Amino acid sequence: MIIDLILVAIFLGVTWCVASGGASEAAMTYFTVLFAGIISMNYFEPLAQFLDSMSVQLKYRSDMIAMLLIFGGLVFGGRALSETLAPRFIHVHGYAHEAVRWLCASATGFVTIGVLLTALHTAPMPLAPLGFRPGGNNIFDAVAPDRYWLGFTQYITEKPFSRRRFINGEVSTHLFDGRTAADWGVPADAVDRPPHQIVMPSFIIRYRDRRQMLQTQGAVTNAPPKESSGRRTTDF
């Protein structure tokens, strides 16, 4: 319940602040936040590994720090750059002005809470801090911004921004969360396609297992492949 109220407060606050800047600024802010979120999802793991190498104290914290550092830095940097390049308002019709500013503002708020919830998955906290539900809806059981955001990130790496690589002589798409049935040990005779071509994303599962390990000081779930950091085995 607490996490629901926090998310609603963040959404309303971001929406109001972004909408108050007018249609042109709201549109620029939306695209800035959107691309900042995409870039932070792509590069938080290399930065987290670098932070791990700098300090042992950052272990289990570096993923969240890296994601929020990249996201926040790009948002503030992008807004500063856009205000420098386009310091004037763009005049539009009154109805269009209201529609654009509130639509872009609400979209910015939704993307923001999606990224923040995704970062919360990586935090070294208990399984359900403040009522957080990693596998369910987190706004009064209505929507799951984190899963929408993870699904969007997965989709753009499969479709518009996909990269190809060769595995065992066959072409495979390099995805954000690209663990396949082969990584999970699914036998070839149990599926109708080569196991390495069947994508089985595991972001939520991996980090849930890591939080459970930290909470109980026990072992992570033995489902393969095991990785105590919660990170992927390959970079995007």
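Just so you know, all these numbers are worked out from the coordinates, no wet-lab data involved. Keep in mind that this is a model prediction, so the values were computed, not measured. Note that we place each Cβ from the backbone using ideal geometry, even for glycine, and neighbour counts take in every protein chain shown.
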key: Modelled label reach - His91, point 7 Å along Cα→Cβ, the range 19-52 residues with backbone N closer than 18 Å   = 22-25
ask   = Non-local amide H neighbours of Thr180 (under 5 Å, H modeled in plane, Pro and chain starts lacking H): which ones?
value = Met200
query = Computed over the Cα atoms of the range 1-77, what is the convex hull's projected area averaged over all directions, in nm²?
reply = 6.2
ask   = Could you give me the ³J(HN,Hα) list for the range 118-123, computed from phi with Karplus coefficients 6.51, -1.76, 1.60 and θ = phi - 60°, whole Hz, x at Gly and Pro?
value = 4, 5, 5, 4, 8, 6
key: Net length gained if the chain between Ser20 and Ala99 were fully extended (0.36 nm per residue, minus Cα distance)   = 27.2 nm
query = Relative contact order (percent) for the range 2-149, with alpha-carbon contacts under 8 angstrom and 6 or more residues of separation?
reply = 40
remark   = Toy charge model, Lys and Arg Cβ at +1, Asp and Glu Cβ at -1: the range 45-102 dipole around Cα centroid in debye, rounded to 20, equals 140
message = Among 11-21, 65-75, how do they line up by average Cβ neighbours within 10 Å per residue, starting with the highest?
response = 65-75, 11-21
query = Could you put Asp189, Asp146, Asp183 in order, starting from the residue whose Cβ has the fewest other Cβ atoms within 10 Å?
reply = Asp189, Asp183, Asp146
inquiry  = Given axes a ≥ b ≥ c from the Cα gyration tensor, I'd like to know whether the range 2-149 is rounded (a/c under 1.5), prolate (a/b larger than b/c) or oblate.
reply    = oblate
query = In which sequence would Lys59, Lys159 go, from the one with the fewest C-beta neighbours within 10 Å to the one with the most?
reply = Lys159, Lys59
key: Label-to-label distance, nm, for residues given as Asn137 and Ile39 (7 Å Cα→Cβ offset)   = 3.4
query = Which value, in debye to the nearest 20, describes the size of the charge dipole of the range 2-149 about its Cα centre when Lys and Arg Cβ atoms bear +1, Asp and Glu Cβ atoms bear -1, and nothing else is charged?
reply = 100
note = In whole Hz, the Karplus estimates of ³J(HN,Hα) for the range 110-115 (6.51, -1.76, 1.60; θ = phi - 60°; x where Gly or Pro) are 5, 4, 4, 5, x, 5
